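Contents: one structure, followed by commentary.
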């Protein structure tokens, strides 16, 4: 999630657990503790390798196998120094532990991917039911922290309880919405002859009402959108090509292998002027993706690794949000045109349904 959400999310959790007289200190401590795992971006910035920066973020500092030891070290340090932690060591242990563990937990609900069990050789976890910035998820945590800071004890305790409950209720709603969308997507993909295609679903920016679904095909992928509040017709998909032959040939390039591991093979491959470019299909939508890397150069002997270069992501967020807002409330009147001329991109089906 975004840094602002982590501040209030952590503050509310810590204040809900800490002793009554330590409420304000817990709000500040929780905000700091829940921000701590994301400080891995500082050393990663020194790598100079955008692929390493992307795929190592949410690794060691987000691991449930590492963070309990970090929590113990912080707790032991402050307990030894005396003060609030020494006065109420049990409550503060659970506050510190919960804040640190809660950070990667909520990050796992985004599509980016979180290595919850680093260093085990597991792909990043991406439950993808929340967009990385969602104001309606942030709001209850923020409100709880504001009330808890200014209100008297009884009202502060109630505000924290309600804020935490509403925050996790919204998380539950996001999972329900995802289930509804995936049910419709499964029906449409079955009709298209793609019942077992690898796929993912993810909410569009700043909401959980409009969802995007991508399924991989032998020649590329299909992309569709579903509004929970507006759509009633069967879900429709738009087909796109990916240079799967070039991608298969370049799998031995370290940056290619690393990206495919990280993005669960949800990647678009393009060759331009002999350079292989990979786009992460999970973040953005056709044709604009936030993570696009030049990773290999075609040579006579095949593909040679390049020092990875990240292309600039799209910047017109206002236009994108306006289109998203309109699509949330309005179902398209007619199916979109296919993005490929050859219907063979979809086995036993047309490009759109």
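The values are calculated or read from the model by the stated rules, or taken from the named source; none is laboratory data. Treat the numbers as computed from the prediction; the structure is a model and nothing was measured. Glycine also receives a Cβ, built like all others from the backbone with ideal geometry; neighbour counts cover every protein chain displayed.
Annotations for the structure displayed:
- Yes/no for residue 197 being within 30 Å of residue 302 (Cα to Cα), assigned to a loop (DSSP other than H, G, I, E, B) and under 24 Å from the mean Cα position of the chain (by Cα): yes
- A Cβ distance below 6 Å, combined with a sequence gap of six or more or placement on separate chains, defines the contacts here; from segment 189-202, residues that are at positive phi reach residues that are surrounded by fewer than 18 Cβ atoms within 10 Å (Cβ to Cβ) in the pairs 193/347; 193/348.
The rows are residues; the columns are (1) surrounded by fewer than 17 Cβ atoms within 10 Å (Cβ to Cβ); (2) under 17 Å from the mean Cα position of the chain (by Cα); (3) on the phi > 0 side of the Ramachandran plot; (4) outside the structural domain of residue 16 (by TED's automatic domain parsing).
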position	(1), (2), (3), (4)
115	no, yes, no, no
123	yes, yes, no, no
144	no, no, no, no
170	no, yes, no, no
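- When residue 297 is tested against (1) in contact (Cβ under 8 Å) with a residue 24 or more places away in the chain; (2) surrounded by 13 or more Cβ atoms within 10 Å (Cβ to Cβ), just one condition goes unmet, and that condition is (1).
- Inter-residue pairs, beta-carbon under 8 Å, first under 13 Å from residue 139 (Cα atoms) and in segment 4-24, second modelled with pLDDT under 95 and buried (at least 19 other Cβ atoms within 10 Å of the Cβ), 6+ apart: 9/1
- Some residue of segment 155-163 being part of a helix (DSSP H, G or I), under 19 Å from the mean Cα position of the chain (by Cα) and not assigned by TED's automatic domain parsing to the domain that holds residue 206: no
- Lone qualifier among 33, 67, 28, 44 - being closer than 25 Å to residue 127 by Cβ, without any contact (Cβ under 8 Å) to a residue 24 or more places away in the chain and out of contact with any strand residue (DSSP E or B) (no Cβ under 8 Å at 6 or more places or on another chain): 44
- Members of segment 253-288 that are assigned to a loop (DSSP other than H, G, I, E, B) and touching a residue at least 40 places away in the same chain (Cβ under 8 Å): 253, 263, 264, 265, 266, 281, 282, 283, 286
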